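The values are calculated or read from the model by the stated rules, or taken from the named source; none is laboratory data. A quick note: this is a predicted structure, and the numbers were derived from the prediction, not measured. Neighbour counts run over all protein chains shown; Cβ positions are idealised from the backbone, glycine included. Heads up: the accessible areas ignore ligands, DNA and RNA and are worked out on the full protein's heavy atoms, side chains in. Shrake-Rupley method; radii C 1.70, N 1.55, O 1.52, S 1.80 Å.
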Amino acid sequence: MTTRSRFMNALPLTPSRSRHAFTLFEVSISLVLVAFGVVSVLMLFPTGLKAQQMARLQILAATKAEEMIDAFTSTQASNPAVDTEGIMMWDVPSSYRSLSWDLEARLSSHRFGLMPLPLDIAKRLDSAGGELEQIVAQGGYLYYSQPMATSNLQEQGQSAAPPNEAQRLVIGIAGYAQQNALHILPAKNWPYHTPWPSPPLTMGHMADPFLPTRTYGPNDLWSYYVWPWSDQWRTGKNSWNDNEVFCVPWETTPVNASVNPQGAAAYHDDDIQKVYHWRETVTDEAVGYFPYACGRNWLWNDPSAAAGYARDRAFMPVQLQPTGTDQVKFGKYPSRTSALKYMATALWYAKKKFNNDEAPFSNPALPVYGPFRGEEANPGRRTANEKDFWKEVQAMRFLAHAATCLTGWYGYTKSGTDTEDLSTGVKIPVINLSGVGASHSSSDFKITHKLIRYYHERSLYLINTFASRYPYDWSVPRPLNRVCMMDFPLLQADLFSPPQPVDMADNDLYRHRYKSGNDNNHTMLKIFGRSAADYPQQWRPLAPEPIRNFGVGATYPTHRVNADQPKSAYGPYFGDHRDYNLTAPFLAAERCREIVMWAVDWQAYEDCETAKCAPIDASKYPLSGPRGNWKGWGGDHGWVYPQTNGNPDPTPWTNDFSGRMNDVEFRDEQLWAFRNPEKVIMFKSSVANLVTGSNVESMMVLNDGGVPDRGPGTGSREIFNGIFGSDRNFNRKLDRGHVPRSVRMRATSVARFNFYDPRAQATLR
């Protein structure tokens, strides 16, 4: 046997080796598994992107919600350029929806960040559970975020807005609004504030038949004055171009301008006229605050006046100081003599209010912080005398102001040729007014420095106590020195009594008077200034307790308001006291509403900018209060003179509705709660024929000084209502999306925020 054969025989006998591999079936299964893994990973990317996008939108939603609440709690409730008083509740927009203290009503403005989504677009959107659709169906609006930052900058100075992702948010307010308080009572926008102490309160007024008839009889003097003086005083020319503002002593308004505000007798303090301006006889020199402060007045009869104004000399200004017999009619320059007589009228008034008792105001050692006169036996509690506490408040008010005026003429010690000083006392002259008696019991009544300090401190204590304790006694103005929440009454509308007026032809309670004893044919059958009968009605106001000494409003001092508020029925002006609930206990949950935000690409619609604006509430138009025109003697002057004795009666006629639409100046920095919320970005004319991408800056309203949306014209009304659409992303170009109008979009819920919805204004600073 050979070696080779021996070696081969030694090898083990094993099966032959073969190559192992996946079968085609196994390969296919593997590919399926790999594909599933890859697809699963890829599917996570859009989900992650959506989650990231949702998180981003939620951050934007939270930021927007905080901005909304911050703006809501820090903005004011009224606008300075809007009339707040009218003859009836519906005359001015102050009690309308535009100034309602609801979040969406306050923020839906071109200054506060929310703009209503066009209804044409809002009605194409769907949401889970139909909540979005339900808000729209119930008359609510959906809102989108304005494209510009809420910085209050003028838009002309801003560049085109960058893409704003927050505009994808659609905002709705869920839950019913509260019945909010009336923060303004149109018949009288109380409170009236004045520095304290002060003379009788005066108001600026335009020439108007709503001013009472002025008379110049020796004992029935009631006056209002042109202020400032005419061009003649400055230039020597007989011009009346700037004589549009009358200085009206509101607190001295005649009795016939008010009727039955509380009980059988009309409240009116005739005695204030003596403190303001009075002449006892035709030969007596005028006394009071006005002759002292404004002694350089026009003459009763100025022989140098132009012949064309001869019939109006009663209120004709002159350049020179009155002298001789004319001087006694209206007083001298401010002087010691006129200051002393002003002080004498204040003393007369105080003695009259204290029933001829000098003790309450003659002793500087009396307690400054003591109780009201007549309250000593029952301090701090309601007494039978509380209805007369206002008399002491007014008496100390006028005493303190008149006495302080003396410090400009007398020093604490004598100087020069002075024979009197305030340390030993300045003697006040004795005067008789309307046969009531002297202002004090003897001719040696003296005003001292101690007495002046007592008057001042006592007046401040009394008015602050009175204003806080009796917010519904409107006999005296509130102190401007200390404006606080207690000055403002809590009023609401009575939704359960018949709206006023019930009898549309009730001329006795719902009518203004042009002059005493002459009731014109102006009933409440129509909105003031309309030629056709509209039969307007409005809810009656309510107060938690009857308003005492309602008086008259400063804007319409001839308008009579019956302030009776029965406890078991509605009154002629006020509602049923039983329906008042503004101060009733409540749970916080009863004030809860929700800000709901959805995300939807509504700007992808082809009419995202050409769709007309959402319908705008009529109260967004800053309509002026009733304004009367006077057409009297002369007839060729731009305004008409007030009626005076010897002049023909003016012919009263009212400013028509179109005129009232032009009365208010459309100022962007003042009308923040009025005009169309999309005003800044609205188009002034149709852009339907422009190609997409066209520059539309010249066609936008922005802050156009020409105010194209003001006035009764058709074009102005079209712009005001926004029928041409808006540049809703503020890129100053016309945009059209790719989605047709017929397509409905699904809105995705992003966030919900509960917020407290107050019934009364709650401004935070």
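Of all residues in the range 707-740, those being without any contact (Cβ under 8 Å) to a residue 12 or more places away in the chain and surrounded by fewer than 16 Cβ atoms within 10 Å (Cβ to Cβ) number 4.
Looking across the range 741-765 at every residue that is open to solvent by 60 Å² or more (accessible area, probe 1.4 Å) and within 30 Å of A584 (Cβ to Cβ), the one that is modelled with the lowest pLDDT is identified as R765. Given the criterion out of contact with any Leu (no Cβ under 7 Å at 6 or more places or on another chain) and open to solvent by less than 40 Å² (accessible area, probe 1.4 Å), identify the matching residue among R97, R124. That would be R124, the only listed residue that is out of contact with any Leu (no Cβ under 7 Å at 6 or more places or on another chain) and open to solvent by less than 40 Å² (accessible area, probe 1.4 Å). Can you spot a residue in the range 661-671 that is in contact with a Gly (Cβ under 7 Å, 6 or more places away or on another chain), touching a residue at least 40 places away in the same chain (Cβ under 8 Å), open to solvent by less than 10 Å² (accessible area, probe 1.4 Å) and in a helix (DSSP H, G or I)? No, the range 661-671 contains no residue that is in contact with a Gly (Cβ under 7 Å, 6 or more places away or on another chain), touching a residue at least 40 places away in the same chain (Cβ under 8 Å), open to solvent by less than 10 Å² (accessible area, probe 1.4 Å) and in a helix (DSSP H, G or I). In the range 131-163, the qualifying residues are those that are among the aliphatic types (A, V, I, L, M) and open to solvent by 40 Å² or more (accessible area, probe 1.4 Å), and the one that is modelled with the highest pLDDT is A137.
Tell me, which residue of the range 31-81 that is at pLDDT 85 or above and basic (K, R) is least open to solvent (accessible area, probe 1.4 Å)? Taking the candidates together, the pick is K64. Q537 meets each of the listed conditions (1) over 22 Å from K391 (Cβ atoms); (2) open to solvent by 20 Å² or more (accessible area, probe 1.4 Å); (3) more than 23 Å from the chain's Cα centre (by Cα); (4) in contact (Cβ under 8 Å) with a residue 12 or more places away in the chain apart from (3).
Summed over the range 672-703, the residues that are of a type in the set (D, E, K, R) and either under 22 Å from L99 (Cα atoms) or without any contact (Cβ under 8 Å) to a residue 12 or more places away in the chain (or both) give a count of 3.
Between G380, G370, the distinction of being part of a loop (DSSP other than H, G, I, E, B), out of contact with any helix residue (DSSP H, G or I) (no Cβ under 7 Å at 6 or more places or on another chain) and modelled with pLDDT of 80 or more belongs to G370 only.
Sub-9 Å Cβ pairs linking a first residue in the range 172-191 that is at pLDDT below 90 and of a type in the set (G, A, S) to a second residue that is open to solvent by less than 20 Å² (accessible area, probe 1.4 Å) and in a strand (DSSP E or B), at least 6 apart or interchain, are G175/R593; A177/R593; A187/P541, ordered by first then second residue. Residues in the range 683-696 that are open to solvent by 10 Å² or more (accessible area, probe 1.4 Å) and more than 25 Å from Y621 (Cα to Cα): A688, N689, L690, V691, T692, G693, S694, N695.
Residue-wise test of (1) modelled with pLDDT of 90 or more; (2) open to solvent by 70 Å² or more (accessible area, probe 1.4 Å); (3) farther than 24 Å from D564 by Cβ.
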site: K427; (1), (2), (3): yes, yes, yes
site: Y454; (1), (2), (3): yes, no, yes
site: N464; (1), (2), (3): yes, no, yes
site: S468; (1), (2), (3): yes, no, yes
site: C484; (1), (2), (3): no, no, yes
site: P489; (1), (2), (3): yes, no, no
site: R513; (1), (2), (3): no, no, no
site: L525; (1), (2), (3): no, no, no
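Consider F657 carefully, then state whether it is under 26 Å from the mean Cα position of the chain (by Cα) and either at pLDDT below 85 or open to solvent by less than 40 Å² (accessible area, probe 1.4 Å) (or both). Yes, satisfied. Of the residues in the range 547-583, how many are over 23 Å from D487 (Cβ atoms) and either among the hydroxyl-bearing types (S, T, Y) or assigned to a helix (DSSP H, G or I) (or both)? So the answer is 5. Looking only at the range 546-574, filter to residues that are at pLDDT 85 or above and farther than 16 Å from K188 by Cβ; which one of those is surrounded by the fewest Cβ atoms within 10 Å (Cβ to Cβ)? Checking each candidate, the answer is A569. Criterion first (at pLDDT 85 or above, open to solvent by less than 10 Å² (accessible area, probe 1.4 Å), of a type in the set (A, V, I, L, M, F, W, C) and within 33 Å of the chain's Cα centre (by Cα)) does V680 satisfy it? Yes, satisfied.
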